[in-house]
Structures are given as C-alpha cells and as structure tokens.
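As structure tokens, the structure follows; a few thoughts come after it.
The values are calculated or read from the model by the stated rules, or taken from the named source; none is laboratory data. Computed from a predicted model, the values in this text were never measured in an experiment. Positions of Cβ are backbone-derived with ideal geometry, glycine not excepted, and every protein chain shown enters the neighbour counts. Heads up: the accessible areas ignore ligands, DNA and RNA and are worked out on the full protein's heavy atoms, side chains in. Shrake-Rupley method; radii C 1.70, N 1.55, O 1.52, S 1.80 Å.
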Amino acid sequence: MSSKTYKLWYRQPATKWEEALPAGNGRLGAMVFGGDRRERLQLNEDTLWSGFPRDKVNYNVRRYLEPVRKLIFAGKYAEAVKIINSNMVGSNTEAYQPLGDLYIDRIGGGEASNYERDLNVSNGVLTTSFTADGVKFTREVWISEPDQVITVVLEADQAGAIDIDVSLESLLPYETAAYTGGVLSMTGTAPSHVENNDDEDHPEPVLFDEELSLRFEARLQAIAEGGETLASEGKIQIRGANRVMLLLAAATNFERFNQMPQNSSRRPDLLCKQWLSEASKLGENRLRERHIRNHEQLFARVELTLGGEERAELPTDERLEAYKQGTADPALEALYFHYGRYLLMGSSRPGTQPANLQGIWNHQIDPPWNSNYTSNINVEMNYWPAEIVNLSECHQPMLEMIAEMAEAGKRTAKVHYGTRGWTAHHNIDIWRMSNPSGGDASWAFWPMGGLWLTAHLWEHYLFTRDEAFLRDQAYPIMREAALFALDWLVEGQGGQLTTAPSTSPENRFVTDSGEFSSVAFGSAMDLTLIRDVMERVLEIEDKFELTHSDSEEIRSALERLQPLQVGSDGRLLEWGTELAEHEPGHRHVSHLYGVYPGRSINRVHSPQLLEAAENSLASRIANGGGHTGWSCAWLINLYARLLDSEQAHHFVHTLLARSTHPNLFDDHPPFQIDGNFGGTAGIAEMLLQSHLDELHLLPALPSAWNSGSVSGLRARGGYTISLSWQDGQIQSAEITADFTGAITIRTDRAFEGSSPVQSGEAGAFVGSLNLAAGEMVQLSFN
C-alpha cells in the first residue's frame with residue numbers, strides 16, 4: 001500500500017460546480033459541494049443519455065464522393081468542401097445526462113466555524129468537518145466499486161445532535177416517494193433527444209418521449225443511530241440522531257447500444273433494491289474497508305515525488321493561486337499526476353462506459369459538446385495514461401467501446417463509402433454513432449476515427465503482451481479497420497495511393513484564390529494512421545502465421561502509400577501538398593500524431609521527419625498554439641518525445657497555471673477532463689519511455705524536478721519500473737519483468753554492463769539485460 005497520502009483540501013464549501021470535488025466508481029459519479037448548512041451531491045450514472053438507437057446513415061453520401069474527389073485533384077478545394085457540407089455530413093450525437101441531486105439539509109443550529117473539506121485521492125474518501133453551536137460535525141462520502149453504492153456518513157461529537165432533511169431532485173422529469181424505514185426513491189426519464197442550441201434559437205431543443213427514452217431510478221436508504229426517522233412529503237426527516245449512514249444506489253434500463261430501451265430486461269428498481277440490501281447488511285465499517293481496499297489495490301501501485309517543499313499546509317485553491325503567481329511547487333505537479341490517476345479510476349472501470357469528455361461528471365442536460373466521446377483526440381487522450389500509470393484495468397471500457405464501434409461502423413462504411421471494414425468519425429455516443437456529425441467538414445468529415453481507436457488495442461497488447469487478447473479480440477477489429485483504409489485509398493499523383501477527401505481534424509487552409517477550405521488530399525494524419533494499422537495487421541499475421549487473401553493487397557498498398565512530406569520551410573506538411581495555413585496557431589497538431597501518441601516519427605527510424613515535426617511544433621506554438629487545456633497537455637507529451645525536458649515542463653506549468661479550475665479539473669475552457677489525463681500521461685512520459693523497444697529512463701527530466709522518485713510505472717513489453725534521482729542524475733532503477741527476454745536500457749548515467757552511445761544519440765549510456773519472468777533487477781550506477 002502507498003506510504004503517502006495525497007489530498008486536495010479547502011477552507012470553504014464549493015459555491016459553484018468547478019469548485020466541488022469528484023467521487024466515482026466508473027458507473028456512479030458525484031460532485032460533492034461540502035456545504036455546511038446544505039450539502040449537495042450532484043449525481044451521475046454512466047448510462048444515462050438522451051436518445052435511443054436509430055438509423056443515422058446518410059444514404060446520399062456515395063452520390064457525391066467521386067465528384068468531390070475530382071474537384072480535389074483539380075485543386076478546387078473550396079468547391080469540394082461546399083458539396084461535403086451540403087450533402088455528406090450528418091447529425092450530432094446524443095447527450096450525456098445528469099441524474100439528479102442529493103440534498104442533506106442541516107436543520108437548526110448556528111453558523112459554522114473551523115470549516116474544512118478534503119478529498120483523499122489515496123483512499124477515495126471525501127471528508128467535510130465544521131463546528132456549529134459547540135458541536136463538531138463530520139461528514140464522509142465515498143462511492144464503492146465492489147458494492148455499487150454511494151455512502152454518506154454523518155457524525156457529531158455530541159449525542160443526539162444530528163437533525164437533517166434528506167431529499168432527491170432532478171433537472172429531468174422525475175417523481176419522488178418517501179417510505180417508512182428511511183427509504184427515499186426517485187424515478188425519471190431521460191430526453192429522447194437533445195438538439196444543439198448554442199445560438200438559443202431552437203424553441204424546443206430537449207424532447208421527451210417515454211416510449212423511446214431511457215428510464216432511471218435512484219434509491220436511498222437512511223440508517224440512523226438514535227433519534228427518529230420519518231417520511232414526509234417526499235423527504236426523509238431525521239431528528240436527534242447520534243450518527244447517520246445514507247446509502248444511495250442508481251441505475252437505468254440501458255442494456256446495449258443497439259437495444260431499444262423499451263425492450264430492455266434491465267430493471268433499475270430491482271437493481272437498486274438489491275445493492276441497497278446487500279450494502280445495508282455489510283454495515284458502515286465493512287463498506288468503508290471494502291471500498292478503501294479496492295481503491296488502494298489500484299491507486300497504490302504508483303508513487304511519485306518530484307521534490308520541492310510539500311506546502312500541504314496550504315489549501316489547494318490557495319496553493320494553485322500561488323503557483324499561478326510564480327511560486328514553484330513540484331509537489332503540486334505530483335499531486336496533479338495522482339489526481340489524474342484518481343479521475344481515471346473514478347470514471348472508467350471494467351464493465352462501465354468509457355470516460356467521456358467530462359469523465360463521468362456532468363450537471364447539465366445540454367452539456368458542452370454533449371459530453372460525448374470525441375474521437376479526433378479527446379477520448380483517446382483520456383486513455384493515454386491508462387497503461388503507463390499502471391491502470392490497465394481502467395482501459396477496458398475503452399477497448400469494449402472500440403469493439404462495439406467496429407460492429408456499428410460496418411454499416412456506415414458500406415452505405416456511406418462502399419467499402420469493406422468499419423469506420424468511425426469524430427463523435428461517438430452511448431448508441432455508438434459512427435456516421436459524420438453535423439456541422440462543418442473540418443470536424444464532421446473525418447472517417448479516420450476508427451483507425452485511431454485501434455491504436456488502443458495495440459498499445460494494450462504492447463504493455464501487457466496478452467497474446468490471446470491480440471489474436472482473438474484486437475486482430476479481427478484491426479484487420480477490418482485496415483480493410484476500410486484499403487478501400488478508402490485512391491490513386492493520386494504519380495500513381496501513389498492517398499486519401500481524398502482528406503481533412504486534418506478541425507484545421508483549415510487558404511486556397512490560392514483566398515478562400516478557406518478544410519478538404520484536400522493525403523493529410524499527414526490520415527497517412528500515418530493508415531500505415532500504422534496496416535503494418536500492425538501484417539505483423540500480427542506474421543506472429544500467429546495467419547493467412548488471408550487480402551494480406552497481399554495490404555502489402556501492395558503500403559508500398560504505394562504516399563509518404564509524409566517536408567515543406568519548403570522545413571516543416572512537416574499537414575496535407576498532401578503545400579497549403580497556406582488559415583490558423584497558424586491551431587489547437588490541433590494532428591500531423592504530429594506520429595511523434596506522439598504514435599511512434600513512426602522518431603529519432604531512430606525517421607530523423608528528418610522528426611526534425612520537420614519539431615519545426616512544425618515550434619511554429620504552431622509561436623503562433624499561439626496549445627491554448628486549450630487538452631492541447632497544452634498534448635504539447636507536454638510531444639516535447640517529452642522530443643527529449644526537450646524544459647519545454648515539456650513549461651507546458652506542465654502552463655497547464656496548471658492557465659487551464660486548471662480550483663478543484664484541479666482541466667479548463668478547456670469549459671471543463672473537459674482530457675487535459676487532466678493528457679497531463680498525467682505527459683508527466684509519466686517525461687520519466688519513462690518505451691516506444692522504441694527499449695527502456696529510456698528519465699528521458700526528459702527537467703531542472704525543476706531536481707530530485708525525486710517514482711515507483712510502479714509500466715513499460716511496453718511487460719515491465720514495471722521504479723526510479724529515483726538526485727541533483728538531476730539517476731540514482732537507482734528497479735526493473736521487474738513479466739516475461740522472459742532481453743531488454744535494452746538507455747540512461748544518462750553509466751550502469752554495470754552499459755556502453756557509451758555514439759555522438760548525437762539520446763542518452764549517454766546503453767546496455768542490455770536478460771531477465772526471467774518475475775525477475776527483478778536493480779541497476780548499479782557508476
């Protein structure tokens with residue numbers, strides 16, 4: 001178990017949502033406000049979405065595909081994008097919904113003093129304490145994964161001092177009922193559709209149809225020691241209690257992405273009753289013990305210290321403000337890393353939905369971008385840290401969604417584009433929408449989403465070396481994605497294969513006539529994704545001696561695939577030909593995918609492309625790039641891969657100082673959780689890299705982290721790594737292997753068996769180790 005406790009704490013209750021503290025078990029989420037007079041827990045359940053399964057394919061797309069391609073190759077990009085916008089995009093995703101609010105009102109008593117609230121990310125328990133009329137009140141909240149309930153424990157240091165009213169409310173249509181025995185229920189209905197209404201010009205953007213919509217139930221059981229418990233007017237009233245435990249369960253009738261809600265056999269009422277019954281039998285102490293044990297089994301795998309003064313005596317919001325004003329605080333940066341791990345554990349567990357744009361926490365019926373899964377960077381960034389920070393189990397919901405998208409996306413690929421395989425575009429919801437969204441081609445028309453998603457299957461294999469997973473689950477999905485790519489390719493200039501229409505997510509260029517367009521051919525991201533998935537499919541087939549008639553098609557296509565190109569100014573081209581940028585500081589850096597999270601642009605195999613990528617990145621930043629939270633987080637990872645430790649740390653600082661709310665949520669703005677996860681991944685990437693079939697220890701260690709240690713990070717190949725450093729130099733390294741084999745180690749300090757590297761190579765020393773499965777070795781540094 002972890003030897004250190006990591007906390008966020010505050011001296012006042014939250015007055016707005018971005019100040020509240022999150023709790024979650026992957027399925028249930030709560031934002032805890034910590035009110036002294038009125039406590040609010042804003043509630044979410046991960047399957048509560050608007051909508052229902054429906055056919056969203058655009059049957060007209062194929063009519064325009066070839067005409068658009070002809071315009072593109074004739075250089076008439078602006079004309080092409082007009083046709084796409086008018087005829088080849090679709091409708092938006094449905095929206096993730098808030099379940100409701102649990103309110104706990106303190107009846108009577110005076111004003112609060114000695115107030116404090118905290119979130120212990122090490123054990124997943126939130127605590128609020130204050131004094132009123134000489135009585136100290138303490139309230140604990142946790143959400144249990146093993147027991148699937150939210151637990152709230154209220155205690156006072158004087159007998160009979162707890163007088164509270166407990167109620168449930170929702171923004172959605174709902175009904176409540178209170179029963180003797182301390183039971184409170186809330187039932188309700190999600191919208192059948194939520195239409196985007198950013199311009200506030202829609203008379204009825206939220207529609208309800210009980211025959212089509214998802215249904216939900218929340219059920220609460222109050223257990224009081226002493227006093228009396230009454231049911232009155234939809235509330236539970238507790239008077240004169242010594243101690244109170246509230247248990248809350250919630251569920252919907254969502255069963256599967258392609259199952260109509262009214263045909264579901266899932267009974268939220270029975271599920272809630274079952275969970276509450278079982279939790280009640282366990283009692284408070286066992287519930288807390290089971291929750292903490294489950295939490296620590298994941299959280300305690302990794303420890304990180306980055307040196308500097310701890311400053312834990314300062315409340316987190318004051319500490320963050322001092323950091324913004326220039327106070328160095330490496331320990332706050334380490335806390336941010338741990339908080340990212342906590343958030344992933346809270347929003348993504350085996351059997352749940354994946355973490356969406358807001359993880360699992362949302363308080364709006366019409367949240368920004370529908371709080372969906374945005375697959376042109378954001379949902380992928382959510383899972384960048386999963387493997388390296390030793391939370392592989394938390395990757396599972398993403399991997400399951402990819403399998404469902406492969407199923408749902410086959411029809412879109414066939415109807416829209418006449419291809420084999422499957423496709424996804426840039427937005428996904430719980431109903432696994434795979435067609436283009438509405439809006440402009442720059443974001444909506446991007447059929448490469450499925451290819452990017454498959455990278456997560458490959459990464460999971462690289463870290464775990466689970467060959468059964470690779471062969472039986474990942475390979476069929478990846479092969480179908482490769483077939484889509486194969487059929488999507490068209491012959492371009494000089495007989496090379498390229499993509500058209502092609503966008504670089506959300507970016508635009510300026511045509512020769514001065515018009516704006518987002519559609520050309522052969523974007524760097526398209527070509528990188530296609531090459532990656534095709535090469536991986538062939539590698540898997542070689543590994544397992546699999547043969548398919550289309551394998552030779554894939555090999556032939558790879559030989560003819562248009563290569564990435566360097567422009568006249570030394571930058572990596574974003575599209576297949578040199579085009580003037582519309583927004584030189586654009587937030588997306590999609591053409592640099594091969595640097596990170598990919599690996600095809602690297603110092604060993606493609607140094608010229610790496611130099612061009614670095615030039616592109618410098619130009620993007622010089623023109624204001626990285627201005628959103630998640631974009632800034634991407635820059636951390638890119639500079640880590642470029643081994644530029646100071647620039648990587650600069651963007652760690654920027655992410656915290658410019659793009660972080662008081663509760664340490666990422667501020668896009670508004671709140672999006674991807675920046676939290678991208679920042680956590682970036683910090684890990686600065687300390688350990690394994691994408692080049694070697695373990696590079698402390699590859700991008702900045703001067704701000706002069707001394708520190710990390711334990712429990714994971715590396716590709718199935719290794720667990722622990723490191724310590726002092727005065728900027730590595731002091732110790734402990735490597736544990738899951739499998740037998742040899743591994744190359746790269747570091748800036750000589751170790752037993754190492755040799756100096758050639759001039760110009762990264763790191764100063766390289767050596768090789770042969771390890772047996774389960775063996776741990778400690779490197780001795782000279």
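Within segment 332-339, does at least one residue satisfy the condition of being in contact (Cβ under 8 Å) with a residue 12 or more places away in the chain, acidic (Asp, Glu) and farther than 30 Å from residue 51 by Cα? Can you show your working first?
To start, the set of residues in segment 332-339 that are in contact (Cβ under 8 Å) with a residue 12 or more places away in the chain comprises 332-339.
Filter again for acidic (Asp, Glu), leaving 333.
Then drop every residue that is not farther than 30 Å from residue 51 by Cα, which leaves 333.
Checking segment 332-339: at least one residue is in contact (Cβ under 8 Å) with a residue 12 or more places away in the chain, acidic (Asp, Glu) and farther than 30 Å from residue 51 by Cα.
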Flagged in segment 198-255 as under 37 Å from the mean Cα position of the chain (by Cα), surrounded by fewer than 16 Cβ atoms within 10 Å (Cβ to Cβ) and over 20 Å from residue 431 (Cα atoms), in numbering order, are 198, 199, 200, 201, 202, 203, 204
Scan 64, 59 and give me the residue that is of a type in the set (Ser, Thr, Tyr), open to solvent by 40 Å² or more (accessible area, probe 1.4 Å) and part of a loop (DSSP other than H, G, I, E, B). 59
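Name every residue in segment 179-197 that is β-branched (Val, Ile, Thr), within 31 Å of the chain's Cα centre (by Cα) and open to solvent by 40 Å² or more (accessible area, probe 1.4 Å), in order of residue number.
Step one: of segment 179-197, the residues β-branched (Val, Ile, Thr) are 180, 183, 187, 189, 194.
Those left that are additionally within 31 Å of the chain's Cα centre (by Cα): 187, 189, 194.
Hit for segment 179-197 is 187, nothing else.
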If I filter segment 389-418 down to residues being outside any helix (DSSP H, G or I) and surrounded by 22 or more Cβ atoms within 10 Å (Cβ to Cβ), which single residue comes out as farthest from the chain's Cα centre (by Cα)? 390
Among the residues in segment 21-37, are any among the charged types (D, E, K, R), touching a strand residue (DSSP E or B) at 6+ places or on another chain (Cβ under 6 Å) and open to solvent by 20 Å² or more (accessible area, probe 1.4 Å)? yes
Go through segment 99-121 and give me each residue that's under 35 Å from the mean Cα position of the chain (by Cα) and either without any contact (Cβ under 8 Å) to a residue 12 or more places away in the chain or open to solvent by 10 Å² or more (accessible area, probe 1.4 Å) (or both). 101, 103, 105, 115, 116, 118, 120
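If only one of 541, 553 is open to solvent by less than 30 Å² (accessible area, probe 1.4 Å), outside any loop (DSSP other than H, G, I, E, B), farther than 24 Å from residue 380 by Cβ and in contact with a helix residue (DSSP H, G or I) (Cβ under 7 Å, 6 or more places away or on another chain), which one is it? Spell out the reasoning first.
Values: 553 fails: open to solvent by less than 30 Å² (accessible area, probe 1.4 Å).
One residue alone meets the criteria, 541.
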Among the residues of segment 677-685, are any within 30 Å of residue 364 (Cβ to Cβ) and not in a helix (DSSP H, G or I)? no
Residues 422, 452, 361: which one is closer than 27 Å to residue 207 by Cα and open to solvent by less than 10 Å² (accessible area, probe 1.4 Å)? 361
In contact with a strand residue (DSSP E or B) (Cβ under 9 Å, 6 or more places away or on another chain), outside any loop (DSSP other than H, G, I, E, B) and touching a residue at least 24 places away in the same chain (Cβ under 8 Å), is that true of residue 723? yes
Among the listed residues 178, 279, 222, which satisfies the condition of being touching a residue at least 60 places away in the same chain (Cβ under 8 Å) and outside any loop (DSSP other than H, G, I, E, B)? 279
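Could you list, in sequence order, the residues of segment 719-751 that are among the small types (Gly, Ala, Ser), open to solvent by less than 40 Å² (accessible area, probe 1.4 Å) and under 22 Å from residue 302 (Cβ atoms)?
The answer is 722, 724, 733, 737.
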Between residues in segment 632-650 that are touching a residue at least 12 places away in the same chain (Cβ under 8 Å) and closer than 17 Å to residue 674 by Cβ and residues that are surrounded by fewer than 20 Cβ atoms within 10 Å (Cβ to Cβ) and of a type in the set (Lys, Arg), which pairs lie under 8 Å by C-beta distance while being six or more apart or on different chains? 632/658
Restrict the check to segment 273-285 and report whether at least one residue is surrounded by 15 or more Cβ atoms within 10 Å (Cβ to Cβ), under 19 Å from residue 174 (Cβ atoms) and among the aromatic types (Phe, Trp, Tyr). no
Just one listed residue, out of 757, 777, is open to solvent by less than 60 Å² (accessible area, probe 1.4 Å), among the hydrophobic types (A, V, I, L, M, F, W, C) and free of Cβ contacts under 8 Å to residues at least 12 places away in the same chain, and it is 757
Residues that are surrounded by fewer than 20 Cβ atoms within 10 Å (Cβ to Cβ) and under 25 Å from the mean Cα position of the chain (by Cα): does segment 689-709 have at least one? yes
First in segment 430-446 and closer than 30 Å to residue 255 by Cβ, second anywhere and assigned to a helix (DSSP H, G or I) and open to solvent by 10 Å² or more (accessible area, probe 1.4 Å), Cβ under 6 Å, 6 or more apart: 432/404; 432/408; 434/408
Can you pull out every residue in segment 122-136 that is free of Cβ contacts under 8 Å to residues at least 60 places away in the same chain, farther than 22 Å from residue 336 by Cβ and assigned to a strand (DSSP E or B)? 129, 131, 135, 136
I want to confirm something. Restricting to segment 321-345 and keeping residues that are in a helix (DSSP H, G or I) and among the charged types (D, E, K, R), which single residue is nearest to residue 395 (Cα to Cα)? 341
Go through the residues of segment 122-136 one by one and say whether even a single one is over 26 Å from residue 26 (Cβ atoms), surrounded by 18 or more Cβ atoms within 10 Å (Cβ to Cβ) and not small (Gly, Ala, Ser). yes
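One line per residue, one yes/no per condition, for (1) in a loop (DSSP other than H, G, I, E, B); (2) open to solvent by 10 Å² or more (accessible area, probe 1.4 Å):
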position: 576; (1), (2): yes, no
position: 597; (1), (2): yes, yes
position: 600; (1), (2): yes, yes
position: 603; (1), (2): yes, yes
position: 609; (1), (2): no, yes
position: 617; (1), (2): no, no
position: 631; (1), (2): no, no
position: 636; (1), (2): no, no
Go through segment 80-105 and count every residue that is farther than 21 Å from residue 207 by Cα and either charged (D, E, K, R) or touching a strand residue (DSSP E or B) at 6+ places or on another chain (Cβ under 8 Å) (or both). 8
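Which one of these is touching a helix residue (DSSP H, G or I) at 6+ places or on another chain (Cβ under 6 Å) and more than 18 Å from residue 666 (Cα to Cα): 308, 326? Talk me through it step by step, then tell me what you get.
Working: 326 fails: touching a helix residue (DSSP H, G or I) at 6+ places or on another chain (Cβ under 6 Å).
After applying the criteria, what remains is 308.
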Failed criterion for residue 649 (all others in (1) at pLDDT 95 or above; (2) over 21 Å from residue 338 (Cα atoms) hold): (2)
